[in-house]
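Structure first, commentary second.
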Amino acid sequence: MPVSNLTLVERIARVLAGRDLSINAEGDDPSAGPNVDESWHEYTDDALSILRTMREPDRKMASAGDVDTWERMVEAALDVERAVSGT
């Protein structure tokens, strides 16, 4: 499985920024890439909220794999963000 060079928080924040900005979603920018690059930081709090919600898998997710591993992976993503932000 490929491993991203970006943190999970940044990837989620970029998706949220893209949805707001891109004409392909809810925005009006036909070429939103550069604007997403500049503004994704503004979506970090929303991305963290989403990630915190994902800490606990639902029943279907839990039946598909190891719940403890899932929780550790999400917590690791949150820990990376805490280290980056200094909180």
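A few remarks follow.
- A protection proxy built from the mean count of other Cβ atoms within 10 Å ranks the segments 1-9, 41-49, most packed first, as 41-49, 1-9.
- When the trypsin sites (Lys or Arg not before Pro) in the chain are filtered for DSSP coil states and for at most 14 other beta-carbon atoms within 10 Å of their beta-carbon, the remaining sites are 55.
- Per-residue ellipticity at 222 nm computed for the chain from its helices equals -19500 deg cm²/dmol, with DSSP H segments shorter than 4 residues left out and the rest contributing -39,500 (n - 2.57).
- Residues residue 66 and residue 46, FRET efficiency given R0 of 30 Å [Cβ-Cβ distance, rounded to 0.05]: 0.60
- The chain: angle of helix 44-53 to the longest principal axis, Cα-based, in degrees nearest 10: 30
- Compared with the dominant Cα axis of the chain, that is its longest principal axis, helix 8-21 is turned about 30°.
- Potential extension, residue 24-residue 79 segment - 0.36 nm per residue separation minus Cα distance: 16.6 nm
Every number here is computed from the coordinates shown, using simple stated rules; none is lab data. The shown structure was predicted, so the numbers you read here are calculated from the model rather than taken from an experiment. Note: ideal-geometry Cβ built from the backbone for every residue, glycine included; neighbour counts use all protein chains shown.
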